[in-house]
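Heads up, the thing below is written out as structure tokens.
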Amino acid sequence: KLIADGGQKLATTSTGVDVTGTITSDGLTVEGDVGLDGGASGSDTYLRFTEWFGGIQNAGFYLHLDGTDDDLYIGRHDTADTNVANDKPVIGIDRGTGDISFYEDTGTTPKFFWDASAESLGIGQTSTGSYSLGVTSVGNGYTAQLTSPTSTNTLGFANSSNSAGEIQYQSSDFIFRPAGTEAMRIDSSGNV
């Protein structure tokens, strides 16, 4: 046992070593699994990668497990301090849904969003759950569908369907259906 400043700091146990306080080391090699525990239930857990330049602690990156919703964030820390207010998420992964968010430069709002359950991609978030462009693989023969935030302006790319706002490639022909019925066809010879 090692006791310093009136309290026990280091103790051997039947399973290893318990340390109270912060360990500062010149290096670390671990053979086996590593567990990071934020402590009490609901506590956040951080793993920080801090760079040094000219002997001065600089900014770096971090992994952050949110203790409230169990979401995992990969982000950057722009200052040498450990103030979490200076953390800016770059990528967020929702543990419950598998959704992935990619954040803009301030780390405030995701602008590139993968919805795992809908198997769709949203680009340029305008409000919660709304994107300036959505790319979705849908049924009815669609290969991809581009949708505006209002869902009234849609352009679909399909192999076989008869939906409005669709461009279909079928038997080497491009077929345009702006109102649901065929309005124009460009065949494989380039004839309209």
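Would you mind stating whether THR82 is hydroxyl-bearing (Ser, Thr, Tyr), at pLDDT 70 or above and touching a Phe, Trp or Tyr at 6+ places or on another chain (Cβ under 9 Å)?
So THR82 does not fit the description; no.
Answer with yes or no whether THR29 is over 29 Å from PRO110 (Cβ atoms), of a type in the set (Val, Ile, Thr), at pLDDT 75 or above and over 31 Å from the mean Cα position of the chain (by Cα).
So THR29 fails the test.
Count, please, the residues in the range 94-108 that happen to be among the charged types (D, E, K, R), out of contact with any Leu (no Cβ under 9 Å at 6 or more places or on another chain) and farther than 23 Å from ASP78 by Cα.
Selection size over the range 94-108: 1.
Mind counting the residues in the range 110-139 that are open to solvent by less than 50 Å² (accessible area, probe 1.4 Å) and at pLDDT 85 or above?
Qualifying residue count, the range 110-139: 4.
Would the range 55-71 turn up any residue that is hydroxyl-bearing (Ser, Thr, Tyr), out of contact with any Phe, Trp or Tyr (no Cβ under 7 Å at 6 or more places or on another chain) and modelled with pLDDT under 75?
No, the range 55-71 has no match at all.
Out of the residues in the range 32-45 meeting the condition of being touching a Leu at 6+ places or on another chain (Cβ under 7 Å) and modelled with pLDDT of 80 or more, tell me which one is most open to solvent (accessible area, probe 1.4 Å).
Only one residue tops the list, namely ASP44.
Among the candidates GLY107, GLY96, which residue alone is at pLDDT 80 or above and under 30 Å from GLU51 (Cβ atoms)?
Answer to the selection: GLY107.
The values are calculated or read from the model by the stated rules, or taken from the named source; none is laboratory data. Just so it is clear, the model here is predicted, and its values are computed rather than measured. Here Cβ is always computed from backbone atoms with ideal geometry, including for glycine, and neighbour counts include all displayed protein chains. Ligands, DNA and RNA are excluded from the accessible area calculation, which covers all protein heavy atoms including side chains. Shrake-Rupley method; radii C 1.70, N 1.55, O 1.52, S 1.80 Å.
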